[in-house]
Amino acid sequence: MCPSPNFVTALEAANQIKAKFGDLISEPVEFRGEVALEISDSEKINVVCRFAKQQLVFDYLVDISSVDNYGEDPRWSVIYHIRQVGNGNGAEIRLKTGVSEEKSELPSVLSVWHTANWHEREIYDMMGIRFRSHPDLRRILMWEGYPYHPLRKDFPLAGKPTELPGVAFTRVTPMEGGPFVTVAGGKNAIDREPRVRTPEE
C-alpha cells in the first residue's frame, strides 16, 4: 500500500509546522534520526498539536512526558511524542514547551487526542502541572488529598511523612533498604554505580 500524499517525513513535517507558526517554533533539531521542535509559548500547544494532527496526519499521541529543571526558569519541560499511524515511514516528532513554576499550567490536548487523558493526569499527579480544560484532572497514582508531587526534584528520595486520618498515611522510607542512588560525575564506574548510600555520601 502506498502512503497517502498527506504523510510526510518527520523533518518535512517539522519544517511545515515551523512555516505555519513562524517564530513561535524553533528550528527543527535532528539527532540520530529523531526530530524535535520547541514551542516558545506554551499557551499555543493545543493549536500546534491540532495542526499536526489535522494537516499532517499525526494521529497518534505516543506519550507526554515532563522534566523538572529545578533551579531554572521555566522550571518544567513538557514533551509531546506524536506519530503518524499507517505510514510505512512511521514519522515521529517531539514537541517541547516550557512551563514556569509561577504559572504551572498549560492547555490540555485532550480535545486533539483522547489518549492525552491519563498522560496529563499522571503529570499533574507527579509534577503538579495543571492542564486547563481537562474534564477530569485528578490524581492517578497517589490518593486524592496527598499534598506532594513525588517526581519533583525537591521531593526527597526517602519520601515525606504524611498523616491524613481516615485516608492514608506514609512513613519516611529508611535509606538502608533503598532507594538506590547514583552520584553524577563520579570518578569511575564503581563510584557511579547505583547503590544504597548514607546521607553523607
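The values are calculated or read from the model by the stated rules, or taken from the named source; none is laboratory data. Computed from a predicted structure; not experimentally measured. Using ideal geometry, Cβ is built from the backbone for each residue, glycine included, and neighbour counts are taken over all protein chains shown.
Conditions tested, residue by residue: (1) farther than 20 Å from residue 10 by Cβ; (2) assigned to a loop (DSSP other than H, G, I, E, B); (3) more than 12 Å from the chain's Cα centre (by Cα).
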residue	(1), (2), (3)
65	no, no, no
77	no, no, no
80	no, no, no
85	no, yes, yes
96	no, no, no
101	yes, yes, yes
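Is one or more of the residues making up the range 47-59 surrounded by fewer than 13 Cβ atoms within 10 Å (Cβ to Cβ) and assigned by TED's automatic domain parsing to the domain that holds residue 98? Give the derivation first.
Kept after step one, since they are surrounded by fewer than 13 Cβ atoms within 10 Å (Cβ to Cβ), are these residues of the range 47-59: 54.
Pick out the ones that are also assigned by TED's automatic domain parsing to the domain that holds residue 98 and you get 54.
Among the residues of the range 47-59, at least one is surrounded by fewer than 13 Cβ atoms within 10 Å (Cβ to Cβ) and assigned by TED's automatic domain parsing to the domain that holds residue 98, which makes the answer yes.
Condition first: crowded, with 16+ Cβ neighbours inside 10 Å and closer than 25 Å to residue 69 by Cβ. Now tell me which residues in the range 114-129 satisfy that. Before you say what the answer is, go through the steps one by one.
Step one: list which residues in the range 114-129 are crowded, with 16+ Cβ neighbours inside 10 Å, which gives 116-117, 119-129.
Of everything in the range 114-129, those that are crowded, with 16+ Cβ neighbours inside 10 Å and closer than 25 Å to residue 69 by Cβ turn out to be 116, 119, 120, 121, 122, 123, 124, 125, 126, 127, 128, 129.
Scan the range 41-62 residue by residue and report those that are within 20 Å of residue 133 (Cβ to Cβ) and assigned to a strand (DSSP E or B).
Step one: filter the range 41-62 for residues within 20 Å of residue 133 (Cβ to Cβ), giving 41-54, 61.
The answer is 61, and nothing else.
Name the single residue, out of those in the range 70-101 being loosely packed, with under 15 Cβ neighbours inside 10 Å and not acidic (Asp, Glu), that is modelled with the lowest pLDDT. Top of the filtered list is 88. The number of residues in the range 116-146 that are closer than 17 Å to residue 47 by Cα and either of a type in the set (A, V, I, L, M) or assigned to a loop (DSSP other than H, G, I, E, B) (or both) comes to 3. The set of residues from the range 8-40 being in a strand (DSSP E or B) and surrounded by 14 or more Cβ atoms within 10 Å (Cβ to Cβ) comprises 25, 35, 36, 37, 38, 39. Just so you know, in the range 142-184 the residues that are under 26 Å from the mean Cα position of the chain (by Cα) and of a type in the set (Asp, Glu) include one that is modelled with the highest pLDDT, and it is 154.
Checking each residue of the range 53-65 against the condition of being of a type in the set (Lys, Arg) and out of contact with any helix residue (DSSP H, G or I) (no Cβ under 9 Å at 6 or more places or on another chain) gives at least one match.
Kindly provide the set of residues from the range 102-113 that are under 16 Å from residue 52 (Cβ atoms) and surrounded by fewer than 16 Cβ atoms within 10 Å (Cβ to Cβ), ordered by number. Within the range 102-113, 111 is the sole residue that qualifies.
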